[in-house]
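Novice: Pasting a structure below so you can have a look.
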Amino acid sequence: MSHKSLAYQCFSSSRPRGGREGYLEWSSLRTLIPAWGALVAIGALIGASGISFYPVWIAGGIGAALGDWVSYWFGYRYKEQVAQMWPLSRYPELLPRGEAFVRSWGVPSIFIGRFFGPLRASVPLAAGIFEMPYWSFQAANFVSALVWSAALLLFGDVIAKIMEWIWRVV
């Protein structure tokens, strides 16, 4: 096992990476920089800096939707093979939980799963593996991504306003 950091391993190679290897490195990097934290932080800056809400909201929503679209595609393309790949091979319970959730809730599972951390990563992958209809997935994916992005940005803005109020009072 290499003692080099994940970021070093992802970006140090001069050869281009694709297929499963590239996807797994990309998804690993995605876990190092959680989008929800970035969106909350940016939301806190929106009010203070005068940044327009709408472009940030749309960009955050599109980024979230594209990330889940890639997960869906990867599940659709590689099916059950993904269970033997890292990081799923280290967390064997993740995919069956996502599968059970998708099977019992159907298309709404895409919307609901986006808001719950443990499900967020496995639901789009499970939807692809079990071949949820593409357009049904995409509709729920993009709508939930825009709602999720707006909620996190507004949460950050509210937290910033509360912190500003506390700062003035104390």
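The values are calculated or read from the model by the stated rules, or taken from the named source; none is laboratory data. These figures come from a predicted structure and were not determined experimentally. Because the Cβ atoms are built from the backbone with ideal geometry, glycine has one as well, and the counts that use them run over all protein chains shown.
Novice: Of all residues in segment 96-120, which are touching a Lys or Arg at 6+ places or on another chain (Cβ under 9 Å) and of a type outside the set (S, T, Y)?
Specialist: Passing the criteria: G113, R114, P118, L119, R120.
Novice: Kindly indicate which of R103, R97, R114, R168 is surrounded by 15 or more Cβ atoms within 10 Å (Cβ to Cβ), over 22 Å from L39 (Cβ atoms) and of a type outside the set (V, I, T).
Specialist: Numbers: R103 fails: surrounded by 15 or more Cβ atoms within 10 Å (Cβ to Cβ); R114 fails: over 22 Å from L39 (Cβ atoms); R168 fails: surrounded by 15 or more Cβ atoms within 10 Å (Cβ to Cβ).
When all the criteria are applied, what remains is R97.
Novice: Among all residue pairs at least 6 apart or on different chains, which show Cβ distances below 8 Å where the first residue, located in segment 131-143, is in contact (Cβ under 8 Å) with a residue 12 or more places away in the chain and acidic (D, E) and the second is assigned to a helix (DSSP H, G or I) and surrounded by 14 or more Cβ atoms within 10 Å (Cβ to Cβ)?
Specialist: Listed pairs, sorted by first residue: E131/Y76.
Novice: Enumerate the helices (runs of 4 or more DSSP H) found wholly within segment 39-125, keeping only those where 2 or more residues are within 24 Å of A150 (Cα to Cα) and under 19 Å from the mean Cα position of the chain (by Cα).
Specialist: So the answer is 53-78, 108-113, 117-120.
Novice: Related question: Does A140 satisfy the criteria of being in the same structural domain as P87 (by TED's automatic domain parsing), within 25 Å of R77 (Cβ to Cβ), at pLDDT 95 or above and surrounded by 21 or more Cβ atoms within 10 Å (Cβ to Cβ)?
Specialist: Numbers: in the same structural domain as P87 (by TED's automatic domain parsing): yes; within 25 Å of R77 (Cβ to Cβ): yes; at pLDDT 95 or above: yes; surrounded by 21 or more Cβ atoms within 10 Å (Cβ to Cβ): yes.
So A140 fits the description; yes.
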